[in-house]
Structure formats: C-alpha cells, structure tokens
Amino acid sequence: QVSSPQHRRNNITNSPTTSAKMRKDESFLGKLGGTLARKKKSKEVSDLHEEGKNAINAPMLPTGTDIHPEDTLMEENAERIMLDPTSRETLKFKDLLKVLIDWINSELEEERIIVKDLEEDCYDGQVLQKLFEKLSGKKLNVAEVTQSEIGQKQKLHTVLEAVNELLRPHGWTVEWSVDSIHSKNLVAIVYLLVALVMHFQAPIRLPEHVSVQVVVVKQKREGILQTALVTKELTSTTENVFINYLFLPTERDAFDTLLDHAPDKLNVVKTSLITFVNKHLNKLNLEVTDLETQFADGVYLVLLMGLLEDYFVPLYNFFLTPESFEQKVHNVAFAFELMQDGGLKKPKARPEDVVNLNLKSTLRVLYNLFTNYKDSE
C-alpha cells in the first residue's frame, strides 16, 4: 500500500520522535522567554530608578519645556536661564515688551533707530549704547559698527560697565551680563531696560506686577542636569519703586508739589486752566467744566491746538466722536504732535495717561499750553 504525501506528512508530524523534539524546543523557548522577561523587568526597574532620580534632580521642570542640545553643553556648576514659553505669551508680559519698545523708539527717534524685537535688536550692544548715551548724556568710547561676536561682546562690556557703575551705587541688583544679553536672554534684557526706565524716571508707565517663570538649568557632576522653575518679578507697583528710590535725582515739577503738599490750592489752579481753555474753546461754542474727563478723548485738545495756532484741523486727521480706547489715544497722540509742531517740548505724559483720566498728566499738558499761549487772543 502506497501512502499519499499528505498521509506521510501527518505521520511525520505525529511521530513520537517529533513530539519529543517539540517539547524540548518549547522548553528551551520557555527558558529563553523567561530570561528575556527577567531582563525586561530588570530594565524597567532600572528605568524607573533613573526616572525617579531625574524627578529628584528636576522637581519643577515644566511640562512641554524644550531643552535644546546646545543648552546642555555647559561646564560643571554653570547655569543657564530660559524663559518659560507660557510666560512669554501672557498679556502683561507682552504689554511690558510693547511699552519698552515704544519708549526706546521714542528716545532714539533722532538716531533713526527702530526697534521691533528686543531679543534681535538689543543683543549686539548697538541699541543699548545709543540708548544709554541719550539718557545719560555721556559718550561711550566704542566702535560704531561691530559685526564680529568678539567686537559685539566688547561693546556690550563697555556699555554694561557704564550702566552698572551708574546703577549699583543706588541699590540696583544687576540681573544681566554680557553673556546673557548677547545670548538673547529676554529676561535679562527686560531687567536692564526696566532699571534704566526707573533710574532715569522715563515719562512712561510700566505695567505693574509683571512676573515670569524661567527654567534654571545647572550643570552638575558627571553631566547631570539639575533644573528648576523660578518666578522672576520684572516690575512691582510704580508707587513702591519710586518710594524706594526717592533719593535719586528727580525732575519733580510744580504739580508734584501741589498735589503732595498743597492740595487745597488745586482748585485755584484748575479754575485758572479752565478759564484759559474756555477763552479759546468758546469760539467754537464749546465749554469745559471738568478738566479730568473732558480732555480724556483728545477731541478738545486737538481743537484747542488749532485755535491756539490759528489753523483749521482737518476732521479726517482725528476722530471727532471716538468710541474705542485706541481712537482716544490716537486723538491725544495727534494733539501732542501738533504741540511739537508748534515748538513745544514733547509732553512728559503718555497719551494713555490722559485717556485713563490721570489728573496730574492732564494738568501738566494743559499747564504747558497755558505758559506758552496765555497771552494769545
């Protein structure tokens, strides 16, 4: 009897010899599997131990914070600070950046310097040099244009040395360095600019209570990185800062003295200014009874300038019935431009201060007009 190929295959598969071989193979695979499983389990324990060690070394590292490879190339005990991306996007921080940029551009307008990004425009020392020279009235001995990294750092060293010599005696903590500024550390740049604003008492209002979180990376022994999340306060309240630095040279004017020491005479000043503005606004059948509120939208300021300088202000240049905050700020800023065109100094107040019903700012602006046009008919 001839068996079929299929029958022969079945017999071979089911033979006692084959069954024994399979059991042996299964036993070997079982042992191998057990070994692999034990190794896998051991690796998991090791990984868990490493994870725990990292958790201890970096207890406050924020989720989603990217540490680039170049940020880990540091010498032992070196430290690097990076702005947390979440803090960068907060409205207060963005507002602070905008105020600082607008201030720099205003100060350096004659130099035809326009700053758009603090990190990209301040790191090489050129803008900081011009700004310090404008604020301090001192000329620094530095090269005008420096393209090389060495030249840029040399310029930064000279600029920061002059800044530190000026600020340190007055109690300022230096939160910046040549390396931090040149590496485009935004927190260090902002610290420096805020210090300059406060020391020179710039006519701007910084947003209050602006804080950011930074990731501090430290290089420990054997290449271990230690990270922590730290809160940095960039600005506090304007009042507190000025109280702390009252001993700095100030440019306090008559209105500071008036409001601080003789508030009873405030109504006398208000009456004089109201009489002055109404003398001219009455020509358009307009009348002011409240200085603080009626000039806040900028309309009366624009019309008043036209009357004082004897010209008609085209209505398309300003908003006759402003509705938004931005439109009111536009009107006041436009009035300030007309004042400068008339030969007056740029007002110390910000347009936003007038719009925000800051009485002292409004009085300063109107008093400046009064002293220059009080004899105008």
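Being under 32 Å from the mean Cα position of the chain (by Cα) and either modelled with pLDDT under 85 or over 18 Å from L273 (Cα atoms) (or both) is a description that applies to K348. The sole residue among K270, K279, K328, K345 that is assigned to a helix (DSSP H, G or I), of a type outside the set (F, W, Y) and closer than 27 Å to V99 by Cα is K328. Within the stretch 312-332, the set of residues being free of Cβ contacts under 8 Å to residues at least 24 places away in the same chain and crowded, with 19+ Cβ neighbours inside 10 Å comprises F318, F319. Within the stretch 119-133, the set of residues being surrounded by 19 or more Cβ atoms within 10 Å (Cβ to Cβ), touching a residue at least 24 places away in the same chain (Cβ under 8 Å) and out of contact with any His (no Cβ under 6 Å at 6 or more places or on another chain) comprises C122, D124, G125, Q126, L128, Q129, L131, F132.
Within the stretch 142-158, does at least one residue satisfy the condition of being surrounded by 15 or more Cβ atoms within 10 Å (Cβ to Cβ), free of Cβ contacts under 8 Å to residues at least 40 places away in the same chain and in contact with a Phe, Trp or Tyr (Cβ under 7 Å, 6 or more places away or on another chain)? No, every residue in the stretch 142-158 fails to be surrounded by 15 or more Cβ atoms within 10 Å (Cβ to Cβ), free of Cβ contacts under 8 Å to residues at least 40 places away in the same chain and in contact with a Phe, Trp or Tyr (Cβ under 7 Å, 6 or more places away or on another chain). The helices (runs of 4 or more DSSP H) found entirely in the stretch 141-225 include none that carry 2 or more residues being among the aliphatic types (A, V, I, L, M) and not assigned by TED's automatic domain parsing to the domain that holds L131. Could you check, for the stretch 88-109, whether at least one of its residues is surrounded by fewer than 20 Cβ atoms within 10 Å (Cβ to Cβ), among the polar types (S, T, N, Q), farther than 27 Å from V216 by Cα and in the same structural domain as S236 (by TED's automatic domain parsing)? Checked against the condition, which is being surrounded by fewer than 20 Cβ atoms within 10 Å (Cβ to Cβ), among the polar types (S, T, N, Q), farther than 27 Å from V216 by Cα and in the same structural domain as S236 (by TED's automatic domain parsing), the stretch 88-109 yields at least one hit. Report whether or not K130 is assigned to a helix (DSSP H, G or I), among the basic types (K, R), more than 13 Å from the chain's Cα centre (by Cα) and at pLDDT 90 or above. Spelling it out, K130 is indeed assigned to a helix (DSSP H, G or I), among the basic types (K, R), more than 13 Å from the chain's Cα centre (by Cα) and at pLDDT 90 or above. E144 passes all but one of (1) modelled with pLDDT of 85 or more; (2) among the acidic types (D, E); (3) more than 17 Å from N185 (Cβ to Cβ); which number fails? Single failed check for E144: (1). Against the definition (in a loop (DSSP other than H, G, I, E, B) and closer than 22 Å to E107 by Cβ), how does L320 come out, yes or no? So L320 does not fit the description; no.
The values are calculated or read from the model by the stated rules, or taken from the named source; none is laboratory data. A quick note: this is a predicted structure, and the numbers were derived from the prediction, not measured. Using ideal geometry, Cβ is built from the backbone for each residue, glycine included, and neighbour counts are taken over all protein chains shown.
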